[in-house]
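Student: First the structure, which I've put down as structure tokens, then a few questions once you've had a look.
The values are calculated or read from the model by the stated rules, or taken from the named source; none is laboratory data. Note that the structure is predicted; figures quoted are calculated from it, not measured. So basically every Cβ, Gly included, is an ideal-geometry build from the backbone, and we count neighbours across all protein chains shown. Protein only, heavy atoms only, side chains kept; ligands, DNA and RNA dropped before computing areas. Shrake-Rupley method; radii C 1.70, N 1.55, O 1.52, S 1.80 Å.
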Amino acid sequence: MLYPVVNKYRNKISLNGLWKFNIVDEDYDVSKPIKDFRYIGVPSSYNDLFTEKKIRDHVGKVVYENVIEFPKSSLDNNWFLRVGAAGNSCSIYLEGKLIFTHNGGFLPIDCPLPRKETINRYRLTIVLDNRLTYETLPIGEIVDDKQVIHYDFRNYTGIHRDTFLYSKPKKAIEDIFIKTNILSNGAEVEYQVFCEEECQIKLLDPDDIEIGISHGNQGTISVNNPKLWNIGKGILYKLVVSNSKDQYCESFGIRKIEILKDKLLLNGKQVYLKGFGMHEDHEIIGKGSFSALNIRDFNLLQWIGANSFRTSHYPYAEEMYDLADKYGILVINEMPAVGLNFWSDRTVFTEGVVDNKTLEVYKQQFAELYARDKNHPSIIMYSVANEANTHEVGALDFFTEIFSYIRNITNLPLMIVEWVGAKENKVAQLADVIGLNRYIGWYSDLGDLDKVPDKLKASIEEYYKKFKKPILLSEFGVDTVAGLHKLPSVPFSEEYQVEFILKYQEVLKELDYVIGEHIWNFADFDTKPGITRFDGNKKGVFTRNRQPKMIAHVLKEKWTR
Ligand code: GCB
């Protein structure tokens, strides 16, 4: 899947801006133009834009309507609607006729538009359904018409990412796969182009100077003295693929990722991950993605000296990976496999709950994720799930199937993020890296940080002894109210957050199979209401508005030393 671009052969027209919107019933009649509506901004979640609870908390369908018009010269090309992401599932109608459906709120919708020669203007309707079930990711349950979710972020809904009409030629360059190999005397770029026509391939160096050329849709181009993509060095090469009817320019980086003897290596050198689990979450726009806000996040990552983040708990907007490529930040790309845990005795991995149907949904979404993200040098690993009930017998079959499916598609290391103890865990042997989420001093032993060293060490060591895999401490953190200071510290104070994180870091320092620390969370974020959530989750190192808490200065000092 290639991102829409504008060039001599291709066009794109933004559909961001105002749309007509409303919450609707099951039997909403799409055949007629929307009558009863209010205006909404795209991209954005709709939940926090209006003043009524009935909209904010709506469970079910909503409708977005707009009128699209094609440019005069458009008949030579095929046209598509691209929605970066809209959740959770969507149905797309042109003049009231269903033309496309999509399941999954975090990956692109790429819908061919069957236009007629004589008609230039069309009514475009997008019906979204925010219900989460066992056949969606994340999974959820509808109980008494209410949405029940077993994970810790808002089920924000809306057209969340950039939305375009775009065109490509009739025999277009459909896709480009790029793989790089670092050799003792240089590097090589292996490429495969999906196109009915034969293409010419030009390789441009980071200064846009042509350094190689090749013909044919599959091949290899050598690079002398390659400049390697690295942390803080977002060095990008380009492949310009062209033929008489089309052209596409795809960026990539030359770098090598390995897991070797419990270490994470980037270009042959050991890397210790410093960073965060993040969320796409902001006031008012919810999960809407905006360049300016994304840039702020990257500037904060750079300022604090982070070298990496996990896209907890779902794939982020394309631009986040583009920025990571450019800033030289490592990304662990997480599937939206969260909620696979009812926090009770109920079994998750069983027929009728998370079963083969869920598995198919998972595979489909991984295929879409890979199709979208395969060429980003910043992506160093895929995280297959967060805090699933991996102690259940059924989890082993489920994840065996998933790991083997993913391994057929990508060579990148795979991580699973765990909450269960090593002894009970039936799945972690499948992974290359084990992510552990630990909250000693918060969800257990609240306020008693003296308990951290022994308990944390024991729980990490237990994993290593049993599975012999490198470990990333993928979550640790405490809710912290910005501005609340206490001496001596108490939970929720900024002092407690500092002491907690320093305590954890002391332990990690001793364990040389730990490949990194990802603090939970980069910034405060909104959650479903709960008595442990005061206006959302406050474990951010930054506030929801992206200003530093005290811990941010401490981390900056340590991470940039
Ligand atoms: C976790 C989850 C994360 C939560 C976090 C918390 O283990 O993976 O989604 O937000 O704990 O703060 O409770």
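Student: Determine which member of the set Leu473, Leu456, Leu511 is in a strand (DSSP E or B) and under 22 Å from Thr390 (Cβ atoms).
Tutor: Among Leu473, Leu456, Leu511, only Leu473 is in a strand (DSSP E or B) and under 22 Å from Thr390 (Cβ atoms).
Student: If a residue has to be within 16 Å of the ligand (Cβ to nearest atom) and of a type in the set (A, V, I, L, M) to count, how many in region 434-467 make the cut?
Tutor: The total comes to 6.
Student: Moving on. Which one of these is open to solvent by 40 Å² or more (accessible area, probe 1.4 Å), in a strand (DSSP E or B) and either closer than 15 Å to Phe164 by Cβ or not basic (Lys, Arg) (or both): Tyr39, Tyr64, Tyr9, Tyr3?
Tutor: Tyr39
Student: Sticking with this one: Which condition from (1) farther than 23 Å from Tyr156 by Cα; (2) more than 25 Å from the chain's Cα centre (by Cα); (3) within 16 Å of the ligand (Cβ to nearest atom) is the one that Tyr513 breaks?
Tutor: (3)
Student: Scan (1) farther than 15 Å from Ile159 by Cβ; (2) assigned to a loop (DSSP other than H, G, I, E, B) for the single condition Ser45 breaks and write down its number.
Tutor: For Ser45, the exception is condition (1).
Student: Working only within region 303-319, note down all residues that are open to solvent by 10 Å² or more (accessible area, probe 1.4 Å) and farther than 21 Å from Leu472 by Cβ.
Tutor: Answer for region 303-319, where residues must be open to solvent by 10 Å² or more (accessible area, probe 1.4 Å) and farther than 21 Å from Leu472 by Cβ: Trp303, Glu318, Glu319.
Student: So, one more: Only one residue in Thr400, Thr410 is more than 23 Å from Lys274 (Cα to Cα), under 26 Å from the mean Cα position of the chain (by Cα), away from the ligand (no atom under 16 Å from the Cβ) and touching a residue at least 40 places away in the same chain (Cβ under 8 Å), so which one is that?
Tutor: Thr410
This table checks each residue for (1) basic (Lys, Arg); (2) open to solvent by less than 10 Å² (accessible area, probe 1.4 Å); (3) touching a strand residue (DSSP E or B) at 6+ places or on another chain (Cβ under 6 Å).
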{"site": "Tyr496", "(1), (2), (3)": "no, yes, no"}
{"site": "Tyr504", "(1), (2), (3)": "no, yes, no"}
{"site": "Phe522", "(1), (2), (3)": "no, yes, yes"}
{"site": "Thr532", "(1), (2), (3)": "no, no, no"}
{"site": "Lys539", "(1), (2), (3)": "yes, yes, yes"}
{"site": "Phe542", "(1), (2), (3)": "no, yes, yes"}
{"site": "Asn545", "(1), (2), (3)": "no, no, no"}
{"site": "His553", "(1), (2), (3)": "no, no, no"}
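Student: Would you pick out the residues in region 474-527 that are within 20 Å of Leu300 (Cα to Cα) and among the aromatic types (Phe, Trp, Tyr)?
Tutor: If the condition is that a residue be within 20 Å of Leu300 (Cα to Cα) and among the aromatic types (Phe, Trp, Tyr), then Phe476, Trp520, Phe522, Phe525 are the ones that fit.
Student: What about Glu174, is it within 24 Å of Tyr3 (Cα to Cα) and of a type outside the set (Val, Ile, Thr)?
Tutor: Yes, satisfied.
Student: Is it the case, given these coordinates, that Val338 is aliphatic (A, V, I, L, M), under 22 Å from His391 (Cα atoms) and away from the ligand (no atom under 16 Å from the Cβ)?
Tutor: Against the criterion (aliphatic (A, V, I, L, M), under 22 Å from His391 (Cα atoms) and away from the ligand (no atom under 16 Å from the Cβ)), Val338 does not qualify.
Student: Taking the conditions exactly as written (closer than 23 Å to Pro470 by Cβ, away from the ligand (no atom under 16 Å from the Cβ), in a loop (DSSP other than H, G, I, E, B) and aliphatic (A, V, I, L, M)), does Ile380 satisfy them or not?
Tutor: Answer is no for this residue.
Student: Filter region 473-494 down to the residues that are more than 13 Å from the ligand (Cβ to nearest atom) and open to solvent by less than 10 Å² (accessible area, probe 1.4 Å) and list them by number.
Tutor: Result: Ser493, single match.
Student: May I ask you to list the residues in region 413-434 that are under 22 Å from the mean Cα position of the chain (by Cα), crowded, with 24+ Cβ neighbours inside 10 Å and within 19 Å of Gly339 (Cβ to Cβ)?
Tutor: Selection gives Met415, Ile416, Val417, Glu418.
Student: So how many residues does region 79-129 have that are basic (Lys, Arg) and open to solvent by less than 10 Å² (accessible area, probe 1.4 Å)?
Tutor: Adding up the residues that qualify gives 1.
Yes/no per residue for (1) closer than 26 Å to Asn267 by Cβ; (2) touching a Leu at 6+ places or on another chain (Cβ under 7 Å); (3) assigned to a loop (DSSP other than H, G, I, E, B):
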| residue | (1), (2), (3) |
| --- | --- |
| Trp343 | no, no, yes |
| Val348 | no, yes, yes |
| Gly352 | no, no, yes |
| Leu369 | yes, yes, no |
| His376 | yes, no, yes |
| Asn389 | no, yes, yes |
| Thr400 | no, yes, no |
| Ile406 | yes, yes, no |
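Student: A follow-up question, please. Return the pairs, sorted by first residue and then second, in which the second residue is of a type in the set (Phe, Trp, Tyr) and surrounded by fewer than 19 Cβ atoms within 10 Å (Cβ to Cβ), the first residue lies in region 1-27 and is free of Cβ contacts under 8 Å to residues at least 40 places away in the same chain, the beta carbons are less than 9 Å apart, and the residues are 6+ apart or on different chains.
Tutor: Note: pairs meeting the criteria are Leu18/Tyr39.
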